[in-house]
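Each reported figure results from applying straightforward, stated rules to the coordinates on display, with no laboratory input. The structure presented is a predicted model; accordingly, all values stated were derived computationally and were not measured. No Cβ is skipped: glycine too gets one built from the backbone with ideal geometry, and neighbour counts run over all protein chains shown.
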Amino acid sequence: MNPRYLLTAHLEGLARRELLISTCAACGTQQFPPKAVCTRCGSTESPRWNRVSGEGQLWTYATFHKTYLTGFRLPSPYVVAVIELDEGAKIYGNLAGVPTSSSLRIGQRVRAEFTTTDDGASHLIFVPADKEGT
Ligand SMILES: [Zn+2]
C-alpha cells in the first residue's frame, strides 16, 4: 500500500494554501506526518484534518549542503527544521529567509508560507516570524 494516501488531505490543503494537520478521531492527538495507526491510542479510524495557524517555534534544525529535490528554488546550503506549531504538533520543512544556520535560535518564532515549485506544486516553507517571506 502506498503510504502517500495518508498525505492526500494535507497536500490538497497545501494546494489551497492551507496547513492541515491530522488529528486522531478517537483521542485528539495531532500527528505529522499522518499515520494509519494513532501512536497514542492505537486507533485506526480515519483522522480528522484540522487547519492550523502555521505559527510556532523552531524546535530543531539541520543545515543541508546538497539539494536532493529538484524544483525547489532554495539556494544551498539550506535549513530543514522541525517546527513545534502553536497548536502542539511538530512538522518539518524548509526554513527560508535566514542567511546561515548560525543565526538561528531554538525557540525562535517562525511562521508558515507557501511556495510554488517549477512543476506547479504548492510547498510549505517556514520563515522567521519577524521577516517577510520569500
Ligand atoms: Zn488516538
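For this structure, a couple of remarks:
- Considering only Ile106, Ile91, Ile21, the mean-square fluctuation computed in a Gaussian network model of the chain, springs between alpha carbons under 10 angstrom, is largest for Ile106.
- Structure-based [θ]222 nm, the chain - -39500 (n - 2.57) summed over DSSP H runs of at least 4, per residue, nearest 500: -1500 deg cm²/dmol
- When the Cα gyration tensor is reduced to axis lengths a ≥ b ≥ c, the ratio a/c is 1.5 or higher for region 54-124, and with a/b not above b/c it is classed as oblate.
- Relative contact order computed over the chain (Cα-Cα under 8 Å; 6+ residues apart), in percent: 20
- Using 0.36 nm per residue and subtracting the Cα-Cα separation, the extra length available between Tyr5 and Ser103 on full extension is 31.6 nm.
- Residue order, fewest to most surrounding Cβ atoms within 10 angstrom, among Val80, Val52: Val80, Val52
- Taking 0.36 nm per residue of sequence separation and removing the Cα-Cα distance, the Gln57/Val80 pair yields an extension gain of 6.9 nm.
- Size-normalised alpha-carbon gyration radius of region 3-51, reference 2.2 N^0.38 Å: 1.06
- Mean separation of Cα pairs under 8 Å and 6 or more residues apart, divided by the residue count, gives region 3-51 a relative contact order of 36 percent.
- Sparse packing (at most 10 other Cβ atoms within 10 Å of the Cβ) combined with a DSSP loop state is found for the following chymotrypsin sites (Phe, Trp or Tyr not before Pro) in region 17-74: Tyr68.
- Inter-probe distance in nm under a simple model that places probes 7 Å from Cα toward Cβ, at Phe64 and Ser46: 3.1
- Charge dipole (Cα centre; +1 on Lys/Arg Cβ, -1 on Asp/Glu Cβ; no other charges) of the chain amounts to roughly 220 debye.
- GNM result for the chain, Cα springs below 10 Å: residue of Thr29, Thr70, Thr44 fluctuating most strongly: Thr70
- Calculated Rg and Dmax of the chain using C-alpha coordinates, Å: 15.2, 43
- As a proxy for reagent exposure, Leu11, Leu95 were ordered by neighbouring Cβ count within 10 angstrom, fewest first; the result is Leu11, Leu95.
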